Amino acid sequence: MGSIYKRGNIFWIKYYRNGKPYRESPKSKKEADAKRLLKKREGEIAQGKLPGIYFDRIRFEELANDFLSDYRINQRKSVNRAENSVAHLKVFFEGMRVTNITSPVIQKYIETRLSEGAANATINRELSALKRVLNLGARQTPPKVERVPYIPMLKENNTRKGFFEHGDFLALRDALPSYLKDFTTFAYKVGWRVSEITSLTWNQVDRKQGIVRLEVGETKNDEARTVYLDDELKEIFNHLWEARKRNSKLNPNVFLSEKGNGQIQDFRKAWNAACRKAGLGYGYKIGKKYVEKWQEKLPSGPILHDFRRTAVRNMIRPASSNGSQC
């Protein structure tokens with residue numbers, strides 16, 4: 001099937017797969033090394049495998065581009081997070097042969113990211129992206145990855161476990177600017193994700209029936225969701241509808257920005273100011289300087305995502321125990 005020859009003082013081997021010739025060298029002056037490599041390649045071909053030299057030609061960035069292309073083709077909602085993870089991975093793995101991405105190399109990547117101050121949860125998202133990058137390569141026809149290495153995951157100890165007591169919610173809402181009060185009340189009661197609330201439009205609201213719907217494909221898990229409004233939320237939606245009619249330019253969004261010309265974008269500074277005013281901490285971390293400035297004086301504060309856990313708890317609790325109509 002193959003042959004051994006020399007170029008200068010270095011031995012080379014030549015073999016065939018499906019009539020296509022392959023040439024490679026063990027980069028050795030010893031003929032025994034060439035014989036071992038040729039025997040290995042002949043064994044791979046006899047088992048129907050691609051010769052290892054094929055995988056040596058694949059670089060990380062080729063697999064990463066395939067991974068991002070898969071996200072875009074399938075219209076995955078977390079494509080921005082995937083792009084961010086790949087950007088960090090490329091700093092370390094760009095130009096690296098796929099056959100050189102081994103568990104010890106991945107361990108060095110983890111150590112590098114930890115030394116840069118990345119949180120365990122952040123590194124785990126990047127490792128999950130790396131795992132999918134390699135798995136997609138292994139499932140290609142023909143495959144681009146022969147074997148996916150073991151990828152260790154870190155223990156996450158920075159998971160938030162915050163809840164809002166009803167009194168804290170009322171204090172925070174009172175301290176918020178007027179355009180965020182209704183938005184915050186809805187978030188507190190239904191526990192939806194921020195993006196689901198900010199993008200909510202009037203064609204998803206049935207005021208007559210007192211129902212708000214998210215259709216299939218509009219949620220993170222692509223499952224439909226329906227919320228029945230209580231009396232307070234019905235009043236809020238009626239108030240917002242009347243305000244919309246008084247506006248000279250109709251806007252499709254339910255909850256509008258401070259200027260009233262589109263959906264709410266970044267509300268974190270207003271939220272943090274309200275948290276401090278209500279004595280609840282500093283809220284969101286906005287930049288390294290901001291955190292250093294306020295962490296010395298205030299405890300870590302709540303974020304709007306805490307409403308998700310709080311809403312589920314309030315739905316289980318009797319209404320009398322949480323002061324809410326949910």
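Quick one: is residue 300 part of a helix (DSSP H, G or I) and modelled with pLDDT under 75? No: the conditions fail for residue 300. Give the residues of segment 1-18 that are at pLDDT below 85 and among the charged types (D, E, K, R), sorted by residue number. Hits for segment 1-18 are 14, 17.
Of all residues in segment 71-100, those satisfying the criterion of being of a type in the set (D, E, K, R) and within 22 Å of the chain's Cα centre (by Cα) are 72, 76, 77, 81, 83, 90, 94.
Residues in segment 117-158 that are of a type outside the set (A, V, I, L, M) and assigned to a loop (DSSP other than H, G, I, E, B): 16 in all. On the given criteria, is residue 279 in contact (Cβ under 8 Å) with a residue 40 or more places away in the chain, more than 26 Å from residue 315 (Cβ to Cβ), over 31 Å from the mean Cα position of the chain (by Cα) and not in a helix (DSSP H, G or I)? So residue 279 passes the test. Just to be sure before I move on: is residue 180 crowded, with 16+ Cβ neighbours inside 10 Å, of a type in the set (A, V, I, L, M, F, W, C) and not assigned by TED's automatic domain parsing to the domain that holds residue 198 in the structure I sent? No.
Of all residues in segment 178-218, those being touching a Lys or Arg at 6+ places or on another chain (Cβ under 6 Å) and modelled with pLDDT under 90 number 2. May I ask you to verify whether residue 103 is at negative phi and more than 22 Å from the chain's Cα centre (by Cα)? So residue 103 fits the description; yes.
Among the residues of segment 2-28, the ones that are in a loop (DSSP other than H, G, I, E, B), in contact (Cβ under 8 Å) with a residue 12 or more places away in the chain and under 21 Å from residue 57 (Cβ atoms) come to 5 in all. Can residue 123 be described as within 14 Å of the chain's Cα centre (by Cα) and crowded, with 17+ Cβ neighbours inside 10 Å? Spelling it out, residue 123 is indeed within 14 Å of the chain's Cα centre (by Cα) and crowded, with 17+ Cβ neighbours inside 10 Å.
Taking the criterion of being in a loop (DSSP other than H, G, I, E, B) and aliphatic (A, V, I, L, M), the residues of segment 248-270 that qualify are 250, 254, 264.
How many residues are exposed (fewer than 14 other Cβ atoms within 10 Å of the Cβ), in contact with a strand residue (DSSP E or B) (Cβ under 9 Å, 6 or more places away or on another chain) and modelled with pLDDT under 85 when one looks only at segment 19-55? Residues flagged as exposed (fewer than 14 other Cβ atoms within 10 Å of the Cβ), in contact with a strand residue (DSSP E or B) (Cβ under 9 Å, 6 or more places away or on another chain) and modelled with pLDDT under 85 within segment 19-55 amount to 3.
The residue pairs whose first member lies in segment 67-96 and is in the same structural domain as residue 129 (by TED's automatic domain parsing), whose second member is outside any helix (DSSP H, G or I), and whose beta carbons are closer than 7 Å, counting only pairs six or more residues apart or on different chains, are 77/220; 93/101; 95/59; 96/59. Could you check, for segment 191-198, whether at least one of its residues is buried (at least 16 other Cβ atoms within 10 Å of the Cβ), small (Gly, Ala, Ser) and in the same structural domain as residue 256 (by TED's automatic domain parsing)? Yes, because at least one residue in segment 191-198 is buried (at least 16 other Cβ atoms within 10 Å of the Cβ), small (Gly, Ala, Ser) and in the same structural domain as residue 256 (by TED's automatic domain parsing).
Annotation note: of 172, 130, the sole residue that is surrounded by 14 or more Cβ atoms within 10 Å (Cβ to Cβ) and at pLDDT 95 or above is 130.
The values are calculated or read from the model by the stated rules, or taken from the named source; none is laboratory data. On a predicted model such as this, the values are computed, not experimentally measured, just so you know. Neighbour counts run over all protein chains shown; Cβ positions are idealised from the backbone, glycine included.
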